[in-house]
Amino acid sequence: MEKVEKIERLDRKLVHEGAVISIYEDTVQIPNGNVAKWDFIGHKGAAAVVPVCDDGKILMVHQYRNALDRETVEVPAGGRDSIDEPYLACAYRELEEETGYRAEEEDFEFLISLKTTVAFCNEQIEVYVAKNLKKTHQNLDEDEYINVKAYELDELLDMIYSGKMQDGKTVSAILAYKLKYAK
């Protein structure tokens, strides 16, 4: 009989509780008997949306990202309010909050599910496509400043392949959208 080797978590200690993430230090025993300390970042999960206008253009948000110290171009997205909030409800809310457009629930279609950084974080992002958009108004959080612009798919692909667009969820969402919907 083959020996099953598995890693066992011996302890998980909360190091920092933030507004978006929780940082832990895990103590694990690896199959060779050694004990190691690993970082773990806990996240409630998020949803992202590829909002497609009637003319086929895609709404993108421009926002400053502190980690990069620059503005980025991204699909609208945001974190779930709790681990129990359905991803679709989060997507529905974030679309209107960030872009000032909404779509009915039946106009959302699941596209892909992402695990953003599996080496040390459990963040999961569910990505949806939204069509039949209706103009409302942005309802940004107090710490957000977002501009919205519509792009042709080819413009977004050029940004990806030139290295201008590097956000993992956005790159994944746009490429998945192209593969599924673009002719």
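For this structure, a couple of remarks:
- Rounded to whole numbers, the Karplus 3J(HN,Hα) couplings from phi for segment 150-155 are 8, 10, 6, 4, 4, 5 Hz, using 6.51 cos²θ - 1.76 cosθ + 1.60 with θ = phi - 60°, and x at Gly and Pro.
- Sorted fewest first by neighbouring Cβ atoms within 10 angstrom, Arg102, Arg80, Arg9, Arg70 come out as Arg70, Arg9, Arg102, Arg80.
- Of all DSSP-defined beta bridges confined to segment 44-181, some 80% are antiparallel rather than parallel.
- Shape summary: segment 85-162 maps onto an equivalent ellipsoid whose semi-axes, from the alpha-carbon gyration tensor, are 21, 19, 15 Å in decreasing order.
- Backbone amide hydrogens, once placed in the peptide plane, bring Asn122 within less than 5 Å of Ile41, His43, excluding anything fewer than 5 places away on its chain.
- A P(r) calculated from all alpha carbon pairs of segment 35-75, with 5 Å bins opening at zero, reads 5, 15, 14, 17, 17, 12, 8, 5, 4, 2, 1, 0 percent.
- Rounded to whole numbers, the Karplus 3J(HN,Hα) couplings from phi for segment 13-23 are 10, 5, 9, 8, 10, x, 6, 10, 10, 10, 9 Hz, using 6.51 cos²θ - 1.76 cosθ + 1.60 with θ = phi - 60°, and x at Gly and Pro.
- Kirkwood Rh and Cα Rg combined as Rg over Rh, evaluated for the chain: 1.05
- Ordered by the count of other Cβ atoms within 10 Å of each Cβ, fewest first, Ile21, Ile30 give Ile30, Ile21.
- Footprinting exposure proxy for Ile160, Ile58, Ile7, Ile174 (fewest neighbouring C-beta atoms within 10 Å first): Ile7, Ile160, Ile58, Ile174
- Segment 44-181, relative contact order [Cα under 8 Å, separation at least 6], %: 32 percent
Quick note: the coordinates plus some simple rules give every number you see, no bench work behind them. Predicted model, so just to flag it, every value in this text is computed and none were measured. Note that each Cβ is placed from the backbone with ideal geometry, even for glycine, and that neighbours are counted across all protein chains shown.
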